[in-house]
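Novice: The structure is given below, and queries will be raised subsequently.
The values are calculated or read from the model by the stated rules, or taken from the named source; none is laboratory data. Note that the structure is predicted; figures quoted are calculated from it, not measured. Positions of Cβ are backbone-derived with ideal geometry, glycine not excepted, and every protein chain shown enters the neighbour counts. Calculation scope for accessible area: heavy atoms of the full protein, side chains included, ligands and nucleic acids excluded. Shrake-Rupley method; radii C 1.70, N 1.55, O 1.52, S 1.80 Å.
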Amino acid sequence: MGKTDLIIIGGGAAGLMAGCAAGELGLKTLILERKHKPGRKLLMCGNARCNLTSNFIVEGASVLIATGGISYPKTGSVGDGQEWAEKLGHSVTPYRPGLVGFEVESNVLKNRVGTIYEKVDVEIVLDGKKVAQTRGV
């Protein structure tokens, strides 16, 4: 059995940042990620189950669950971290949308790749009715 100071479950932005901070503090840290590439959402900016290839046991003095919410299941954000925390007796607040993926027709982006837009208004329309609106900065 391997021993480490900290086990971080989740190799997204929060888990990787926590791993960096732990390393700076001199903690022996292990980051576990279910997908084949840690930081997948980070890699997606601008344009399956756990993939452990062998069984192993590791013991950590502390465990940090940084698995994300349920915002983008393709990247591994499926809400299992909240389920684990709740089963361990922690209180968990109800989910709220914070990040969503969306698809647009390719002709909408034609000749716009690399263009930066500031202060963009976004409207969400469903069946011809505006259901939400936000303004980016």
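Novice: Largest first, what is the accessible-area ranking of 117, 95 with a 1.4 Å probe?
Specialist: Reading off the accessible areas and sorting them downward yields 117, 95.
Novice: Suppose R0 equals 30 Å; then what is the FRET efficiency for residue 124 and residue 5 from their Cβ-Cβ distance, rounded to the nearest 0.05?
Specialist: 0.10
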